[in-house]
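One structure is given below, encoded as structure tokens.
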Amino acid sequence: MATCPECDAELEIEDDDLEEMEVGDPWDCEACGSRLRVATLDPLEFDSDEDDDEDDEDRDEEEDDDDLDDLDEEDDDADDNGGDWDE
């Protein structure tokens, strides 16, 4: 039996789930709702997945900023191609 690293609740895991489980697989704690990741299989231990979610959000924000930069460059190129909108 494993425990949640966030709330120390005992995690009930079905035998079928345990057999299919691999390191890195996601798991949700039913007691506190935390998103977890399988850290080790023998003994079964979990780590919090909260840091991974924050990293994903940071990466998404950087990609959005890059997309905006690309749009700005396209607008600049259109202005340089003789497009005069003030006519």
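Taking 0.36 nm per residue of separation and subtracting the Cα-Cα distance, what length does fully extending Glu50 through Glu19 add? Don't skip to the answer; put the middle values down first.
Values: separation 31, 0.36 × 31 = 11.16 nm, distance 2.49 nm.
Length gained, Glu50 through Glu19: 8.7 nm.
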Convert each backbone phi in region 6-15 into a coupling constant with the Karplus relation 6.51 cos²θ - 1.76 cosθ + 1.60 (shift: θ = phi - 60°), then list the ³J(HN,Hα) values in order as whole Hz, x for Gly and Pro.
-> 8, 10, 6, 6, 6, 8, 8, 10, 5, 4
Please turn the phi angles of region 35-47 into ³J(HN,Hα) values with the Karplus equation 6.51 cos²θ - 1.76 cosθ + 1.60 (θ = phi - 60°), one per residue in order, whole Hz, x for glycine and proline.
-> 8, 10, 10, 5, 8, 9, 9, 9, x, 6, 9, 10, 10
Sorted by chain and number, the residues with a modelled amide H under 5 Å from that of Glu45, at a separation of 5 or more or across chains, are Ala39, Thr40
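Where Lys and Arg each count +1 and Asp and Glu each count -1, what net charge lies around Asp25 among other residues with Cβ under 10 Å from its Cβ? Spell out each step's value before the answer.
On the way: positive: Arg37; negative: Asp17, Glu20, Glu22.
Spelling it out: positives minus negatives among the neighbours equals -2.
Every number here is computed from the coordinates shown, using simple stated rules; none is lab data. All values reported here derive from a predicted model rather than from experimental measurement. In this analysis, Cβ positions are derived from the backbone assuming ideal geometry, glycine residues included, and neighbour counts consider all displayed protein chains.
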